[in-house]
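> Below are the structure tokens for one structure; questions will follow.
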Amino acid sequence: MAIDPRDPASILAALIQCPSVTPEDAGALDLVQSILEDRSFEVTRLPFQTEGQPRIDNLYATVGTNGPHLLFAGHTDVVPVGDAGAWSFPPFDAKVHDGVMFGRGAVDMKGGIAAFIAAYARCVERNGALPGRVSFLITGDEEGPALDGTLKVLEWLTEQKVRFDACLVGEPTNPNAIGDMIKVGRRGSHTGKLTVRGTQGHVAYPHLADSPIRALVPMLSALMDPPLDKGSNRFQPSNLEITTIDVGNPATNVIPGEATAVFNIRFNDCWNAERLVAEIESRLAGAAAAAARIGDDPLPWNLEWAPRVSDVFVTHDEKLVGTFALAVEAVTGRTPELSTSGGTSDARFIKDHCPVVEFGLVGQTMHKIDEQVPLADLKTLTLIYERFIAGWFGLETGR
């Protein structure tokens, strides 16, 4: 059955029916390509593969030439369904029940993609060719390790000398209702792995051993207390969470020789990566010295940082943020909160290329059993996107 490019529900249903559990594509990008090519987009498929990782397919589509360049970014990969038998309807059937569509990816974020495609088609139908350029960057690697998706496509686009003036990411940003929140920034994220080495031995002869746990515990405590900061004007306080501790020791009568812990920091604009790393390493060194036995040197320890840090950012572009906020208010009657809360997204890569904001569906069911979207919400999101596109290109937005 033909898909109406102006109807977000029909586009979303077709996308959900592609079981694109990351890193599988399952025909989702083929579907997007077909719809966009029918709207005169020039489509390029960009597969990338990091050694030891699965091959990831990505899509870049563009239409128009001169004038301002607006980018929409999103992903067609979805998380696993979990217990499929616990769903009210099969997770890839796109069943509509009482005005609600059920399916994995309904809100995160195939719904956002469907709404923007439909919004673009409607805007062009109403106004004719736009006075500028619209592009799509759709990846299959957002829910995965994000090694071969948006980041690699942006590198390719830089090599092609493609530039953007603004970007909208269609992630589900609204906590309770469409119009609640626009994400205008994100905290940074950095992960470290701490290893402390002691001397293995029998628990009955502690003088012949040296437990790394005795050092690890106060070192981890020093990371969390005192707090890194109290927050800033645009961000909540930075937060460090220990995500795993491991000594690899199944025996109850053995003092282990090594202990490790992994932690993640979500940091605000009180820090940059360099100063944050220096602070963490200073705290660890002080705690390790304090934990040493009297007369002994501190136990040897090593801190291995993740190879890539996600930097904190805030978007200040008045045209992008202001135009989008006005579109939200015009359609919903709500004044959206300009927020920097939550985790990370591919916006962390895009912000190095152009101003970026995020706005999409209500995220309450993302990654859950029975992920779902009311069709009324999908319609509202499409109207907001359509009004934003028109406003950003300086076209008539009245309805």
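> Inside the range 28-40, can you point out the residues that are surrounded by 17 or more Cβ atoms within 10 Å (Cβ to Cβ) and within 15 Å of residue 57 (Cα to Cα)?
28, 29, 31, 32, 33
> While we're on this one: Scan the range 276-296 and tell me whether some residue there is within 24 Å of the chain's Cα centre (by Cα) and touching a residue at least 40 places away in the same chain (Cβ under 8 Å).
Yes, that holds for at least one residue.
> Now a separate question. Any chance you could count how many residues in the range 193-214 are over 36 Å from the mean Cα position of the chain (by Cα) and either more than 15 Å from residue 293 (Cα to Cα) or assigned to a strand (DSSP E or B) (or both)?
Total satisfying the criteria: 8.
> Of (1) within 21 Å of residue 7 (Cβ to Cβ); (2) surrounded by fewer than 19 Cβ atoms within 10 Å (Cβ to Cβ), residue 90 satisfies all except one. Which?
The one condition residue 90 does not meet is (1).
> Mind checking which residues of the range 320-350 are basic (Lys, Arg) and either without any contact (Cβ under 8 Å) to a residue 24 or more places away in the chain or crowded, with 19+ Cβ neighbours inside 10 Å (or both)?
348
> Is it true that some residue in the range 102-113 is in a helix (DSSP H, G or I) and over 20 Å from residue 70 (Cβ atoms)?
Scanning the range 102-113, I find at least one residue that is in a helix (DSSP H, G or I) and over 20 Å from residue 70 (Cβ atoms), so the answer is yes.
> Could you please find all residues in the range 46-63 being buried (at least 19 other Cβ atoms within 10 Å of the Cβ), of a type in the set (Val, Ile, Thr) and part of a loop (DSSP other than H, G, I, E, B)?
Scanning the range 46-63 gives no hits.
Values quoted throughout were computed directly from the atomic coordinates according to the rules given, and no laboratory measurement underlies them. What you see is a predicted model; the values in this text were computed from it and never measured. Glycine also receives a Cβ, built like all others from the backbone with ideal geometry; neighbour counts cover every protein chain displayed.
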